[in-house]
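Every read-out reported here was derived from the displayed coordinates using simple, explicitly stated rules and does not represent laboratory data. Note that the coordinates shown come from a computational prediction; the quantities given were computed from them, not determined experimentally. Neighbour counts run over all protein chains shown; Cβ positions are idealised from the backbone, glycine included.
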Amino acid sequence: MQAENLKYTLLDKIISVNDMSLLQKVNDLLGNVNIDQTIFKLTDAQKEMLMNSEEDILKGDLTTNDELNAEEDLWLNG
């Protein structure tokens with residue numbers, strides 16, 4: 001497995017964890033990683049997504065968190 005794929009797999013797993021003790025252990029394990037000094041390499045698709053997001057912001061094409069939660073509730077509860 002390539003490093004990039006492994007990172008995404010780990011992220012998916014971490015996002016699904018609700019056990020605070022386990023999350024704290026992962027945080028402690030990764031505690032020495034300085035993300036402020038990390039250089040992120042974006043794919044062309046990620047760059048395009050960010051540019052599209054910036055265009056949406058400039059056009060005012062936004063959805064508030066409350067609106068999104070209401071849509072989600074409607075979708076989940078019918």
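When 41, 59 are checked against the criterion of being under 23 Å from residue 7 (Cβ atoms) and charged (D, E, K, R), 41 stands alone in meeting it.
Would you confirm whether or not the stretch 56-76 contains a residue that is under 15 Å from the mean Cα position of the chain (by Cα) and assigned to a helix (DSSP H, G or I)? No: the stretch 56-76 contains no residue that is under 15 Å from the mean Cα position of the chain (by Cα) and assigned to a helix (DSSP H, G or I). Each residue in the stretch 14-45 was checked for being surrounded by 10 or more Cβ atoms within 10 Å (Cβ to Cβ) and not in a loop (DSSP other than H, G, I, E, B), and 7 pass.
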